[in-house]
Structures are given as C-alpha cells and as structure tokens.
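Colleague: There's a structure below that I have some questions on.
Only the coordinates and a few stated rules stand behind these numbers; no lab work does. Remember, it's a predicted structure, so these values are computed and weren't measured experimentally. Because the Cβ atoms are built from the backbone with ideal geometry, glycine has one as well, and the counts that use them run over all protein chains shown.
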Amino acid sequence: MSGNNKYDAIVVGAGVGGLSVGSLLAKEGLQVLILEQADRVGGRALSIKGSEISENGLEWYKTLLASQYSYLAGSEPEIKTMIKKRMLAGYTLDIGYHAISANGAGYMYDFEVLIGGIGDLKKHGGHWGSHYKGNIYQDIAGNYIDPELYRISREEGIPYLDFYTDCGMMTDEQIDKLEKVSLQEWAEKKGIVKNDIIYNHLHAVSTLFSTINNPEDISVGDIFHYFKNAFGPKAQTGLLKYTGGFIEGGVMEWSKAVAARFASFGGTLKTNTRVNRITTRDGKVTGVMVDGKNGGQEQFESEIVISNIPAQQTFKVIDKSHFPEQWASATEKMYGYGSYAPYMGLNKLVMPEKESRLGLKNTCVLPKEEGFDYDVYICWNIQSVLDQSVAPEGKYLYTAYLPMTEKESLNKEMVNKLVNRLPDFMEEIYPGFKESIDWKLDIVCWKLEGIAKSVSQPGTRKIPVKSEYVDGLYFAGDTAKGSGVAMDCAIASGVICAGEVLGKDFGIR
C-alpha cells in the first residue's frame, strides 16, 4: 500500500523503539510512516543544545521536557539568568542519564548489523565502578575483573562471578522462572550477602541495569535474560570492552543516524505531528488521525499501526472498549521508574583523572529513613571527559541519575531533598567540588524506565508486541516485550515487533 496518505505500516512515535521497528520494516520493502509529536527524534533518548534553550526560551524548554515525561525541578543560578547570560552555550544535554550499555555492544550492535550499519557515528567507551567505604571497585568489562573483588571472593568462597556466568548455563525458560526472584533473594541463596563489599558492588551493578534502588524489588531474571542474549553471544568475540559509553554529540545522534537510514530505505518521517487517535473498524486497525493545521485533523491509512508510546498511555489514542477490562486495567497500572537526573557545568576537575573517566556508583546518597522507598543510589559521570563535544573547551559536563519511584519523582518535597543533598554528597567525596560548579540544572524524569524491571513486572510480563484484541495493532518501546537496559530494551522490542509483523525471526529474544 502506498501513495497519498496510505502506507503499509504507521509507527506512532520516533523514539528508539519506533525507529528500530520502522527501519527494519522499511528495509524489508514496506512503505512506512513514522509520526513524532516532538520537533526531533529519539523520544526519551533526546538531546538539547544549550544554545537552543537560550534561543527558544524557557517555555520551549519546559514543553520539550514535558513531552518526554520530564520537568525542571530547579536550577542554580535561576534558569532565567542562565538563559540571559547564555551560560549553557557549548553544552549538549541529554534528557535523563543516557550512557549506552557496553558502549553499544549489546542489542544496539545487533540492530545496527541488521540494518547494514549507521555510518561513522562515534561511541566513546568507558569503565564503571562502585564507590564504597572510600574505595572504588571496578565493574567487569571484557576480561577485566577487579583484583580486590576477585581476591575477596576466592578467600571467602563467595561465588561473585555466578552473577555474570550462571545465565550462560541456563535455558530461557529457566531464566523466566527467575524473573520473580529478587536480587536480594538470589544473593542470599548464593551466600553473597555475607560480604558487604561484594554484595554492595553487585547491588550497584544491578541498579545500573534495572534503575531500581531496592534489591528486594530488582528482578534478577530480567538481568540474566539481558546478560545471556545481548552479551552472551559476544563474550568470546572481544566486543565487550567497556561497561558503558556515550554517543559523540549526545545520545540523539544515534537516533538521527537511524532516522537517516530509515529514510534511505524509502521511509517517511514527520515530526511536529501529534497522533490523537488510532482508528479502527470491525476490530481492525485502519490508520491514525493527527492534529492538523488550523485546528483540523488529517488521516493516514494503514492496516498496521505500531504504538511506540508507553503502554500505560495506550488508551489515550485508542478506545479502551476494544480490550478486555482486566487487561486494560492491568496495563494502566504497570508502573515505571523515575529519576533525578541533574547536569552541572564545572570549571575544573577536583578528582583524580582516572576517576574522572569512570562512571561511579554509590548505593546510598540519602537513606530510606528520609522517606524514600529505599536508599537512593547514584551513578555519575564527567561525561565530557569521555566525549569532549558536549562541553565548551576548558569546561566539563557532569551528568548523573538518582533513581526514584514515579510517585517520589512527582513529589516536590522528596525531589528537593535530593536536589539539596547532591552537591554536599559530591563535596564529601571530592573536597572542592562545590566551588567547581558554574551552574546546575535539576531535571526530573518520572518515567526514565517506562516499566520498572521489578519482580512483579519483568520482561515476560510486559505487553506482547502484537495485540491479541485489535487486528493490526502492535507495540514497541521499553514498555513492550523485551529485556535489557534503557535504549537496548527499546531496541529489542522494536526488533521483536518487526519480526512479528513480517513473520521473520531476527534473532533477538
């Protein structure tokens, strides 16, 4: 189907999942239309130039943040002063914390191979570690194992490496059964909790992959699925060199590169186009209606529509009556996980150079006694040390994320506790840090993870990529079936979704 406003498939949302499924469908010869409400691609993996904020103004910035479930909780100095003085010029700010898993060697790599590559996009790999009781313990990366963690595990007989290797000896069905097993329960059965250094380190790694503070809520099975299927096939190939990394020029450069590949396959992308309704007839999808010019509406026709919006928002664009009441209610109640994700512009580095190149994690910035669901974790980077393009010469960009539940993320009092605490926390570790701050932006995303990877709703319990109730309706994005962290999760769902549409196995589980 092609011509006029008719397409073989329509994708609602140019987030990572939408771009992934759309590109694969277009590569297979379908006429595909992707519709995006924002003025840019990427969804929650979105980047903003500091100069854009100065040129377009505060309300534009707030509106763009809101379109991606985020808001400005505060700033220092006051945001209007920052805009007037153009203090953000030369910086590139990703919404949320957007380091890429394994520097793109997970599902991102698999997808790029499937579409024939995405050009000369640069990725800057780095190593991550946990900061605990004044010491740093580096994460496993490639063949590197932190010597102190290895020593402790050998001397005390603690099966530390089982966290990384058990999944390779298990079937997917066996891992499915672990989805309802928490990190805490698994670690207790393994005897790992008896050493606080090793357990704290694995807790920090697990929160990095799950964006959940509470180890009693982190699904170990969800993590194992990811380790086995995304990393396992590459374990012997030398691809897994880094824990993480950053896309040069901001995370949105990846989405822009995929969008360009999509266009090269003949795909059509429309930004600034908001879908207000998925249309149906006799239980079958017929297309979408979008907000048109001058208050009107425009229709695009297709027998296949893929929704890349969070599953909980499904019924804002399609009538709930099409679905069983119990299914609709369960979908609406699926919860995500939020984050306080600040940026700071620094005029100098007060930590050793080696530490400035690490992504560092700590499992307690503020304890749960302050009213949080659990002790609040942090992962932070001097992003511009790995990718110099995101900060002006002679300046540095600090990025971080501190997970919060959705409810906490929308609670001003709880957010302010973290906003006020963070500079002091960093000062305690690195004296002089507060004096190095030129400016600070306090961004909160209440849906950093569309569906929290918890024991109650891990990967296999997400909504399927193909609707059982509306013919021609599909789902992609991090709220649909797929395992993995952040962008990798959305990519996996997009590939799985494309496979369902085409009746083809692309090899991603």
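Colleague: Give me the number: length gained by fully extending Tyr469 to Ser329, i.e. 0.36 nm times residue separation minus the C-alpha to C-alpha distance, one decimal in nm.
Modeller: Result: 49.0 nm gained on full extension.
Colleague: Name all residues of the range 433-449 having a backbone nitrogen under 12 Å from the label point set 7 Å from the Cα of Glu76 along its Cα→Cβ direction, giving them as ranges.
Modeller: 433-442, by backbone N distance to the label point.
Colleague: Would you mind ranking Phe163, Phe111 by Cβ crowding within 10 Å, fewest neighbours first?
Modeller: Sorted ascending by nearby Cβ count, the order is Phe163, Phe111.
Colleague: Measuring from centroid to centroid over Cα atoms, what is the spacing of the range 132-186 and the range 18-86 in Å?
Modeller: Between the Cα centre of the range 132-186 and that of the range 18-86, the gap is 37 Å.
Colleague: Provide Met170, Met487, Met108 in ascending order of the number of other Cβ atoms located within 10 Å of each residue's Cβ, fewest first.
Modeller: Met170, Met108, Met487
Colleague: Lys6's amide H: which non-local residues (gap 5+, or another chain) put their own amide H closer than 5 Å, with H modeled 1.01 Å from N in plane and none for Pro or chain starts?
Modeller: It is Glu301, by chain and number.
Colleague: Would you mind giving the three semi-axes, in whole Å and largest first, of the ellipsoid equivalent to the range 10-96 according to its Cα gyration tensor?
Modeller: Taking √(5λ) for each eigenvalue gives 32, 11, 10 Å, largest first.
Colleague: I would also like to ask the following. Are there GluC sites (Glu not before Pro) in the range 128-225 that DSSP puts in a loop and that have at most 16 other Cβ atoms within 10 Å, and which ones?
Modeller: Counting only loop positions with at most 16 other Cβ atoms within 10 Å, the GluC sites (Glu not before Pro) in the range 128-225 are Glu216.
Colleague: Over the range 308-403, what relative contact order in percent results from Cα pairs under 8 Å that are six or more residues apart?
Modeller: After rounding, I find 29 percent.
Colleague: For the range 290-302, just list the computed ³J(HN,Hα) in residue order, Karplus coefficients 6.51, -1.76 and 1.60, θ = phi - 60°, integers in Hz, with x standing in for Gly and Pro.
Modeller: Calculated HN-Hα couplings, in order: 10, 5, x, 6, 6, x, x, 10, 10, 10, 10, 9, 5 Hz.
Colleague: Then there's this: Between the range 312-352 and the range 282-299, what is the C-alpha centre distance in whole Å?
Modeller: 25 Å
Colleague: Right, next: Please report how many Lys pairs in the range 406-478 have alpha carbons closer than 26 angstrom, counting only residues at least 8 apart along the chain or sitting on separate chains.
Modeller: Taking the Cα cut-off of 26 Å, the pair count is 17.
Colleague: Which order do peptides 273-279, 116-122 fall in by mean Cβ count within 10 Å, highest first?
Modeller: The packing order, highest mean first, is 273-279, 116-122.
Colleague: Pulled fully out, how much extra length does the chain show between Lys85 and Leu410, if you take 0.36 nm times their separation in residues and subtract their Cα-Cα distance?
Modeller: Computed gain between Lys85 and Leu410 is 114.0 nm.
Colleague: I would also like to ask the following. Tell me, what ³J(HN,Hα) does each residue in the range 227-235 have, in order and in whole Hz, if you take phi through Karplus 6.51 cos²θ - 1.76 cosθ + 1.60 with θ = phi - 60° and put x for Gly and Pro?
Modeller: Values per residue, Gly and Pro as x: 4, 5, 8, 8, 9, x, x, 9, 4 Hz.
Colleague: Another question about this same structure. Given 4 °C and 1.567 mPa s, how large is the Stokes-Einstein diffusion coefficient of the range 440-479 in µm²/s, with Rh as the Kirkwood radius over Cα pairs?
Modeller: 105 µm²/s
Colleague: Could you give me D for the range 356-451, from Stokes-Einstein at 25 °C and 0.890 mPa s, where the hydrodynamic radius is the Kirkwood radius over C-alpha pairs? Units µm² s⁻¹, please.
Modeller: D = 170 µm²/s.
Colleague: Roughly what would the spin-label model give for Glu355 and Asp196, points 7 Å off Cα along C-beta, in nm?
Modeller: That separation, rounded to one decimal, is 2.0 nm.
Colleague: Also, I was wondering about something else. By how many degrees, 0 to 90 and rounded to 10, does the Cα axis of helix 486-502 deviate from the longest principal axis of the chain?
Modeller: Its long axis makes an angle of about 30 degrees.
Colleague: Sort Arg44, Arg154, Arg261, Arg357 by Cβ crowding within 10 Å, fewest neighbours at the top.
Modeller: Final ranking by Cβ density, sparse to dense: Arg154, Arg357, Arg261, Arg44.
Colleague: Please state the relative contact order of the chain as a whole percent: Cα pairs under 8 Å, 6+ residues apart?
Modeller: RCO, the chain: 24 percent.
Colleague: Give the calculated FRET efficiency between Ile437 and Arg281 to the nearest 0.05, with a Förster radius of 35 Å applied to their Cβ-Cβ distance.
Modeller: The calculated FRET efficiency here is 0.05.
Colleague: Something else now. When you have a sec, figure out the Kirkwood radius of the range 154-313 from all distinct Cα pair distances and drop it here in Å to one decimal?
Modeller: Taking every pair of different Cα atoms in the range 154-313, averaging 1/r and inverting gives 20.1 Å.
Colleague: Next question, about the same structure. Please compute, over every Cα-Cα pair in the range 273-407, the percentage with a separation greater than 24 angstrom.
Modeller: Of the Cα pairs, 58 percent sit more than 24 Å apart.
Colleague: Also, quick follow-up: Volume per residue, Å³, of the convex hull around the alpha-carbon atoms of the range 257-337?
Modeller: 138 Å³
Colleague: Which one is right for this structure if Cα extents along the principal axes in Å is calculated from it: [x] 65, 58, 44; [y] 82, 49, 41; [z] 72, 60, 48?
Modeller: [x]
Colleague: Still on this structure, I have one more. Take the cross-link list Lys123/Lys333; Lys194/Lys348; Lys85/Lys348; Lys49/Lys348 and give me the ones stretching past 30 Å between alpha-carbons.
Modeller: Listed pairs above 30 Å: Lys123/Lys333; Lys194/Lys348.
Colleague: Apply the Karplus curve 6.51 cos²θ - 1.76 cosθ + 1.60, θ = phi - 60°, to the phi angles in the range 269-276 and return the couplings in whole Hz, x for Gly and Pro.
Modeller: 10, 10, 8, 6, 10, 9, 7, 9
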